[in-house]
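Input: a single structure, listed below in C-alpha cells.
The values are calculated or read from the model by the stated rules, or taken from the named source; none is laboratory data. Computed from a prediction, not measured in an experiment: that's the story for all the values here. All Cβ positions, glycine included, derive from the backbone under ideal geometry; neighbour counts span all protein chains shown.
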C-alpha cells in the first residue's frame, strides 16, 4: 500500500515544493514549483521515495512488464537511475536536446517504462514518445511520474493509449499538507485556484 501521507511530508521536508511566480518549461505560469533534484542532497529521503514508487508499480504489475527503464534528461534522471538500481532493471537516458540517447539505448523488442519526475502538459513526454517510435520503432506503452501537476498531461497521454502511472497528484499532495497543517489555507487556496484555472482550459 502506497503511503501518500509519508510521500507528501517527504516532498515538503526536502523543500521540493516552493511558492512564488514561475514559468514552467511548458510555458505555463505557476504560483508554485516542484524540484525533485532537491533529493540529491537527501539520499535517505530519495531511497524512501523510490521504495514507495516500487511498491506502487509492483501493485500494478508494471515492473513485471518492463525490460528497460528510460529516464528523461535532466530532472527525470534523479528518479530513473535509483529506480533502475533498486529494481535491477537496465536503464537508458534520453536527451531531448540531442534528440537521442545520451546513455545506453533500446532494442525494438524492449518493453519500456518511460520515467520522469513530473507530468505537466505532457508535451515533453509526447515528443520523447514520438522520437523513440520514429527512430527505434518502439511503441512505449507505460509512463511513470512521481507527481502529476494535473495540467492536461494525463489526458493528452491517455488519448494516445499510453498508461500513465502517477505516484501522487498535486491535488492529493495539497490536501494532505493542508490537513496536517503543513501548508497554510492561503497556500492551499493558491494551488486550488491554479488547478481550477488550468482545468477550465483543458
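Details
- Top-ranked residue in the range 50-63 [being assigned to a helix (DSSP H, G or I), touching a residue at least 60 places away in the same chain (Cβ under 8 Å) and touching a helix residue (DSSP H, G or I) at 6+ places or on another chain (Cβ under 9 Å); ranked as nearest to residue 7 (Cα to Cα)]: 52
- Matching entry among 149, 156 (being under 19 Å from residue 173 (Cα atoms), in contact with a helix residue (DSSP H, G or I) (Cβ under 7 Å, 6 or more places away or on another chain) and touching a residue at least 24 places away in the same chain (Cβ under 8 Å)): 149
- Residue 143 being within 12 Å of the chain's Cα centre (by Cα) and either part of a helix (DSSP H, G or I) or over 16 Å from residue 19 (Cβ atoms) (or both): yes
- Within the range 1-37, the set of residues being in a loop (DSSP other than H, G, I, E, B), within 16 Å of the chain's Cα centre (by Cα) and modelled with pLDDT of 95 or more comprises 16, 35.
- Any chance residue 98 is farther than 30 Å from residue 201 by Cβ, at pLDDT 95 or above and either within 15 Å of the chain's Cα centre (by Cα) or not in a strand (DSSP E or B) (or both): no
- Test: residue 125 is crowded, with 20+ Cβ neighbours inside 10 Å and not in a helix (DSSP H, G or I): no
- Residue count for the range 161-202 under the criterion of being farther than 15 Å from residue 11 by Cβ and either surrounded by fewer than 17 Cβ atoms within 10 Å (Cβ to Cβ) or within 15 Å of the chain's Cα centre (by Cα) (or both): the result is 18.
- Flag if residue 47 is touching a strand residue (DSSP E or B) at 6+ places or on another chain (Cβ under 6 Å) and without any contact (Cβ under 8 Å) to a residue 60 or more places away in the chain: no
- Meets criteria (in contact (Cβ under 8 Å) with a residue 12 or more places away in the chain and buried (at least 18 other Cβ atoms within 10 Å of the Cβ)) for residue 19: no
- Residues satisfying the stated conditions in the range 83-101, i.e. closer than 24 Å to residue 122 by Cβ and exposed (fewer than 14 other Cβ atoms within 10 Å of the Cβ): 97, 98, 99, 100
- Conditions (1) in contact with a helix residue (DSSP H, G or I) (Cβ under 6 Å, 6 or more places away or on another chain); (2) buried (at least 19 other Cβ atoms within 10 Å of the Cβ); (3) free of Cβ contacts under 8 Å to residues at least 40 places away in the same chain; number of the one not met by residue 80: (1)
- Residue in the range 76-94 that is assigned to a loop (DSSP other than H, G, I, E, B) and under 22 Å from residue 153 (Cβ atoms) present: yes
- Pick from the range 83-101, criterion free of Cβ contacts under 8 Å to residues at least 12 places away in the same chain and out of contact with any strand residue (DSSP E or B) (no Cβ under 9 Å at 6 or more places or on another chain), ranking: nearest to residue 68 (Cα to Cα): 88
- Positions within the range 102-122 being in contact (Cβ under 8 Å) with a residue 24 or more places away in the chain, part of a strand (DSSP E or B) and farther than 23 Å from residue 61 by Cα, in sequence order: 102
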